[in-house]
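Engineer: Handing you this structure, nothing more for now.
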Amino acid sequence: MPEGSKPHQYIENVLSEQGIKAAWINGLGGFRWARVGFLNVENRSYYVKDVEARYPNIIEVSSLIGNSILGPDGSYYTHIHVTLGIDEDTTIAGHLIDANVEPFLELLIVELVGDYTRMAELLSHRWAHAKR
């Protein structure tokens, strides 16, 4: 994934171009900034933390893992978690809400094949509660 890309948008474009309905995603690389969420189970909202690299360093993406599925409205619903090295003393992990890739992000996108109807049923909570 090239510098300046936004992970969710880039992944969803690749899936759409390839005609992939469901995928498993793995990655590593770097971000200039990221927005990470932490779910509050009581009110089903996210506490959000914005992190930014301190020049000349980048945020190290030591792990990016997630999946994406095509919803009934024709939109992809992508769910990604990350472990990020902010600096030599700080690491955070959580739900990736947004980010800006720098200098690159290496991705492995694996198409999930099989009973798409069953996968969509299992992940239907995504579009049932989505705020798009």
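Engineer: Using a cut-off of 14 Å between beta-carbons, work out the net charge of the residues near F38 (Lys and Arg +1, Asp and Glu -1, F38 not included).
Structural biologist: +1
Engineer: In a shell of Cβ-Cβ distance under 12 Å around L112, excluding L112 itself, what net charge do Lys and Arg (+1) and Asp and Glu (-1) give?
Structural biologist: Around L112, the charge tally is 0.
Engineer: What Rg and what Dmax come out for the range 66-132 when only alpha-carbon atoms are used, in angstroms?
Structural biologist: Computed over the Cα atoms of the range 66-132, radius of gyration and Dmax are 15.0, 45 Å.
Engineer: What is the local net charge at I97, summed over the other residues whose Cβ is closer than 10 Å to its Cβ (Lys, Arg +1; Asp, Glu -1)?
Structural biologist: Result for the local shell: 0.
Engineer: Next question. Suppose we look only past 20 Å in the calculated P(r) of the range 18-119. What percent of the Cα-Cα pairs does that tail hold?
Structural biologist: Percentage above 20 Å: 45.
Each reported figure results from applying straightforward, stated rules to the coordinates on display, with no laboratory input. As the structure is a computational prediction, the values presented were derived from the model and not from experiment. Backbone-built Cβ (ideal geometry, glycine too); neighbour counts: all protein chains shown.
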